[in-house]
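Remarks on the structure that follows.
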Amino acid sequence: MTTSDSPTTTAVPDHRTLLAVMRLAVRAPSVHNTQPWRWRFDGARLHLYSDPDRVLAAADPHGRQRTISCGAALHHARTAFAARGWHTDTVRLPDPAQPDHLAVIDFRPWPDPPPGVLTRAEAIERRRTDRLPMLAPRGWSGEFVSGLRRLANPHDIEFDVLGDDARPRLAAVSEHADAARHDDMMYQHELQWWTGNSEPPEGIPTDALVSHAEQSRVDVGRAFPAAQHSARRADLTDAARLAVFSTEEDAPPRWLRTGEALSAVLLEATAAGLATCPVTHITELPAGRRTVATLLPHETVPQVVLRIGTAPEGEQRPPTPRRPLAEVFEVRSS
């Protein structure tokens, strides 16, 4: 019991917990591995901002994919906090005058989070984006898909797995999206800037790219600058299932929620031993989004396509590098 004369304290994670969670939060996927987030802890609350210096002016002029990326990092953080016994009360886009201020988190103890949260938190460091051809997803069933849908629905996001008959149309959209950008010099320069770097802790490293031979066996995927010739998984043509995240509105609050739902599904799939690859170039251009929308059972706006499959046994894919934590996280007073 407290009295008017006794001090009140707010329970918050200690510094060690904050650092541990932030290291997991930044493992979230982001468009071209731009890592477009900034975090600040003010002593009581944790704030998430998007980084305006990491805009992809050609691929993402309105910041939609940047916000989706930050939403994935937000969900990674909340999941990691929950696994450490902290409930995160989150206000999204708290100040209309500061559109880059995406979320603010208050904390309260949560001694018994659901087991699924713990499982997804454990999957954060194992998750990878796999651009190679995949086997069909192992253990795929209506029950599993329903579970993925239940993870997306609390975020007001629709999650739909497409049937086999939709695949040729989606492959055509993927090809057309790449063709439409082929002579866009601004877009191509941007793509080159963020791919194939071997040293910087950002962008897509060479070992995460695929060769022309490998790309030819993945019918739904962005045409990144090709890696040197290789023929990994040479006996496979992509058999991943294709799913779409979509929203009722196309606005920043829905983009942020899309990232959160994407994170939840990616981590659940990883925990189940599956490989995943978000595909976003298909939804960058209006024509592609309109076509994908016709494949959905409801009138919603497609945001992200996701490939879900199985990687061959025994493969170990290295983690994609991340920026030093000091560049994206600070502790200071309000």
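Quick notes
- Spin-label pair Arg150/Thr237, simplified geometry with 7 Å Cα→Cβ offset, distance in nm: 3.6
- Förster radius 25 Å - calculated FRET efficiency between Ala172 and Ala57, Cβ distance, rounded to 0.05: 0.40
- In the chain, a dipole from Cβ-located charges (positive for Lys and Arg, negative for Asp and Glu) runs towards its positive end, and of Ala179, Ile68, Ser211 it is Ser211 whose Cα lies farthest in that direction.
- Along principal axes, Cα extents of the range 142-309, largest first, whole Å: 41, 35, 34
- The charge dipole of the range 18-91, taken about its Cα centre with unit charges on the Cβ atoms of Lys, Arg (+1), Asp and Glu (-1) only, comes to about 160 debye.
- Karplus (6.51, -1.76, 1.60) ³J(HN,Hα), θ = phi - 60°, over the range 84-95, in Hz, Gly and Pro reported as x: 9, x, 10, 7, 10, 7, 10, 10, 9, 6, x, 9
- Helical runs (DSSP H, four residues minimum) scored at -39500 (n - 2.57) apiece and divided by the length of the chain put the mean residue ellipticity at 222 nm at -10000 deg cm²/dmol.
- Neighbour counting of Cβ atoms within 10 Å sorts the residues Leu148, Leu19, Leu93, fewest neighbours leading, into Leu19, Leu93, Leu148.
- Under 13 Å from the Leu296 label point (7 Å along Cα→beta-carbon), backbone N, the range 31-67: none
- Per-residue HN-Hα couplings for the range 232-238 [Karplus 6.51, -1.76, 1.60; θ = phi - 60°; Hz; x = Gly/Pro]: 4, 6, 4, 8, 10, 10, 3
- Summarising the amide proton neighbourhood of Trp37: residues at separation of 5 or more, or on other chains, whose placed amide H is nearer than 5 Å comprise Asp51.
- Normalised by the number of residues in the chain, the average gap of Cα pairs under 8 Å and 6 or more apart makes the relative contact order 25 percent.
- Once Rg and the Kirkwood radius are both taken over the C-alpha atoms of the range 216-297, their ratio Rg/Rh works out to 1.00.
- Arranged from fewest to most other beta-carbon atoms within 10 Å of their beta carbon, Arg66, Arg254, Arg23 become Arg23, Arg254, Arg66.
- Karplus 3J(HN,Hα) series, Hz, for the range 225-231 with 6.51 cos²θ - 1.76 cosθ + 1.60 (x for Gly, Pro): x, 6, 6, 4, 3, 7, 9
- Charge tally in the Cβ shell below 13 Å around Leu285, where Lys, Arg are +1 and Asp, Glu are -1, Leu285 excluded: 0
- Between the listed residues Gly163, Gly43, Val220, the Cα displaced farthest toward the positive end of the dipole of the chain, a dipole computed from Cβ unit charges relative to the Cα centre, is found at Gly43.
- Here's how it looks for Val279: its modeled amide H is under 5 Å from those of Val305, Leu306, Arg307, which are all 5 or more places away or on a different chain.
- Taking a ≥ b ≥ c as the square roots of the eigenvalues of the alpha carbon gyration tensor, the range 119-211 is oblate, as a/c is not under 1.5 and a/b does not beat b/c.
- Ranked Thr237, Thr300, criterion: other C-beta atoms within 10 Å, fewest first: Thr237, Thr300
- With R₀ set to 35 Å, the beta-carbon distance separating Arg23 from Ser216 gives a calculated FRET efficiency near 0.40.
- Relative contact order (%) - criterion: Cα under 8 Å, at least six apart; region: the range 142-309: 29
- Span from the the range 198-229 Cα centroid across to the the range 143-194 one, whole angstrom: 17
- Long-range HN-HN contacts of Thr195 with modeled amide H, under 5 Å: Ile204
The numbers here are math on the coordinates, done by the rules we state, and not lab data. The structure presented is a predicted model; accordingly, all values stated were derived computationally and were not measured. Note that each Cβ is placed from the backbone with ideal geometry, even for glycine, and that neighbours are counted across all protein chains shown.
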